[in-house]
1. So which of Lys40/Lys380; Lys426/Lys481; Lys71/Lys453; Lys71/Lys418; Lys91/Lys418; Lys71/Lys439 end up more than 29 Å apart, counting from Cα to Cα?
2. Find how much the distance from Ser250 to Glu369 grows on full extension, using 0.36 nm per residue of separation minus their present alpha carbon separation; answer in nm with one decimal.
3. Just to be sure I understand the model, the point goes 7 Å from the Cα along the line to the Cβ. What's the resulting Lys439 to Thr114 distance in nm?
4. Roughly how many nanometres apart are two label points built 7 Å out from the Cα toward the Cβ at Ala216 and Asp353?
5. Could you state the number of Å between the C-alpha centres of the stretch 380-400 and the stretch 411-454?
6. Using a 10 Å cut-off on Cβ atoms, rank the peptides 342-348, 65-71 from the highest mean neighbour count down.
7. Sorting check: for 231-240, 384-393, which peptide has the highest mean count of neighbouring beta carbons within 10 Å, and how do the rest follow?
8. Using a Debye calculation, one point per C-alpha and no hydration shell, please list log10 I(q)/I(0) for the stretch 329-484 at q = 0.09, 0.12, 0.18, 0.21 Å⁻¹ in order.
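Every number here is computed from the coordinates shown, using simple stated rules; none is lab data. Source: prediction; values computed, not measured. As a convention, Cβ positions derive from the backbone with ideal geometry for all residues, glycine included, and neighbour counts pool all protein chains shown.
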Amino acid sequence: MKKENKLIPGMMAIFSVVAFVLIALTSCESQEYNDLKIDKEYSNVSIVTRSNDGTPMEYPLHVYAFDKDGKLEDEQTIASADESLALSLPKGESCRVVAVCANDEVYNIPASPTLSSVITMKAKSDTDVPNASEAVYSTDHPLQMGYASITPTAASSTLSIQMHYKVCSLNVSLVGMLAECTNASISIESPVGGVNMNGVSSGSTTITIPIKKSAADASNWTTSTVYMFPTTGEQTVFTITYSDGTTEHSSAATYLSTLKAGIPYSITGTYDSGKVTVTGDITPSTWGDPVNIAFTFGENTNATIDASGTEAGSDDDAGNHGGDNQDQTEAITSNIPAPYSVWNGHLVAALYDADGNQLPEAPASPASETEYSVLLMSLKDWNNATPSTAATLAAGYAEGEMDSWSIPTTDEARAIYKAFSVAAFKTAISNASADAIDKSANSVRYLCENATKYFSFAYTSFSSYGATDATYHLRLVKRVKIKNE
């Protein structure tokens, strides 16, 4: 007689109960998710990108939107300018939009990135580089990025993003080289290893770029236009290495400045009796004044070049390269302006006595001929400044009868940060019809210290950090020396 398996009906009953519970839970989660999606309204944001100097962009173009926590909200990639760009972003929520224009063959673009994900150059080998590591981090293709913060409120909107180079370019030419020369290269220390989606650089490496003999002129050795990440630290060390057929020679030159993104560097060297004389031009594409770099190097010569581009020990006048606000305007007044007030149409962020001590209020009865100084904050607020453009913006700014405004030092940034916490100063900003200060989020950052640092009015206390090549806000300042009648 066939024995009946009594376990099967019981197991089937258990499976039925479990299946029912799973279906119910899944239905609840799905319903809850759908309810959230229904409750959240979205805006269709059309994206328009443009290069800061009109240079054609290199596709593909990746556009990402990140929420306030740095998580990816939406993204789109287009292969040409003929394709349209649009992101779906939640209404009323702040998003950071990042555009990346790069050749995927030479750059590592993270898939489904966060705001802290890093873009790097792909390592490559170059057998033409003598004694170099296999990993070479330079490329024939530039990298451009653009940033914007948006809080959409309408069903559709348009966002324009200005693209900026995140790399610098380098051309090297050695003229009059020995016929016996078999190879040559230039090594550059301390380029950053990459840049994250928010424009912050990280890491440091060394690159070596081959300099090749011209087919038309055997005495002329050149590089093509090479793109590399900007350098870190306060100085850049170049090492030119060449072989005369039997001996390899190397010589270093220390440039007391960084190589900055968005600037083309050109170095031309002339070989002369065992010594190579090198001159260089820094030619910003649309901003700043060109800076000429000139130095010599040879078999036993190591040069040092100051930030103005002049070799140490030369007779050239390097000019005045001191800090901001060295020239102060003198004004005679019968009323010492109070801190956090409007004075002759200008915003007074701080008042100082003759010894530089900050005063909490204007003196009630100042003695005749007593000197004071005021720190003015500009009426204008820029939201698209970069470390490369900030100095030019400052140089071109005038407010009423006053020019010669400057990027705040760290101490001056601390003073205007403190002023903004005072209700009277906020009232003065409104009364002067000045641009508002943006303290909506920590990610809204203002440049200071010659555009090498940044701070935020949204921080709970004043702090400054090293600036990269991202887009920042900028508020200029001016010191005015005043004397009581």
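1. From Lys40/Lys380; Lys426/Lys481; Lys71/Lys453; Lys71/Lys418; Lys91/Lys418; Lys71/Lys439, over 29 Å: Lys40/Lys380; Lys71/Lys418; Lys91/Lys418.
2. 36.6 nm
3. Using points 7 Å along Cα→Cβ, the separation is 2.8 nm.
4. 7.1
5. 15
6. 342-348, 65-71
7. Taking the mean over residues of other Cβ atoms within 10 Å, the ranking is 384-393, 231-240.
8. -0.27, -0.48, -1.07, -1.39
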